[in-house]
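Student: Sharing a structure below in structure tokens format, with a few things to ask.
Bear in mind that the values in this text are calculations on the coordinates, not laboratory data. Quick caveat, the model's predicted, so the values are computed rather than measured. Here Cβ is always computed from backbone atoms with ideal geometry, including for glycine, and neighbour counts include all displayed protein chains.
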Amino acid sequence: MANLRDYYRRNFLYQSHRLMLPELREKVVHTCSECGFFVQVAGKTETRPGCAAIIPYYASLAGRVPRELKVLEVLQAVGKNGLEQVLAGAGPHRQACGLFHLKMDK
Ligand code: SF4
């Protein structure tokens, strides 16, 4: 019988496989648009995608995350720096982050 260690080392098909934990797979295959924290932040003139996981009330899952948040609500909850983080964190086609939470109402 051949040396088993050598078999795997020389098998290029086996080398191309990556092992990943089941929880990690969920984050890798999903995008922000499938996440429950993904919201639209509506301002006076434009609406931009954002991440409600920055807002403590929604991050704690105390309340249902609405599809759209007014920019004033976000400012009151987390302030100006928080608003920047909310708007910078999410994008509809971005790969999900570690806080991904699958949206229940698809
Ligand atoms: S940045 Fe993370 S938590 Fe926020 S919407 Fe995207 S996947 Fe969800």
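Student: Which net charge results when you count Lys and Arg as +1 and Asp and Glu as -1 among the other residues whose beta-carbon is under 15 Å from that of Tyr57?
Tutor: Residues near Tyr57 contribute +1 overall.
Student: Give the angle, between 0 and 90 degrees and rounded to the nearest 10, that separates the Cα long axis of helix 71-89 from the longest principal axis of the Cα atoms of the chain.
Tutor: Its long axis makes an angle of about 30 degrees.
Student: Grab the chain and count how many Lys pairs have their alpha-carbon atoms under 23 Å apart, sequence gap of 8 or more, or different chains.
Tutor: Lysine pair count for the chain: 7.
Student: Let me ask another. Just for the chain, what percent of DSSP beta bridges are antiparallel, to the closest 5?
Tutor: The antiparallel fraction comes to roughly 70 percent.
Student: Also, I was wondering about something else. Quick check: net charge around Gly43, other residues with Cβ under 15 Å of its Cβ, Lys/Arg +1 and Asp/Glu -1?
Tutor: So the surrounding residues net to 0.
Student: Counting other Cβ atoms within 10 Å, which trypsin sites (Lys or Arg not before Pro) in the range 54-89 have at most 16 and lie in a DSSP loop?
Tutor: Arg64, Arg67
Student: Could you line up Thr31, Thr47 from fewest to most neighbouring Cβ atoms inside 10 Å?
Tutor: In order of increasing Cβ crowding within 10 Å: Thr47, Thr31.
Student: Continuing with the same structure: To the nearest 500 deg cm²/dmol, what mean residue ellipticity at 222 nm is calculated for the chain from DSSP H runs of n ≥ 4 alone, each contributing -39,500 (n - 2.57), summed and divided by the residues?
Tutor: The per-residue figure over the chain is -11000 deg cm²/dmol.
Student: Then there's this: What order do you get for Cys97, Cys51 when you list them from fewest to most C-beta neighbours inside 10 Å?
Tutor: Ranking Cys97, Cys51 by Cβ neighbours within 10 Å, fewest first, gives Cys97, Cys51.
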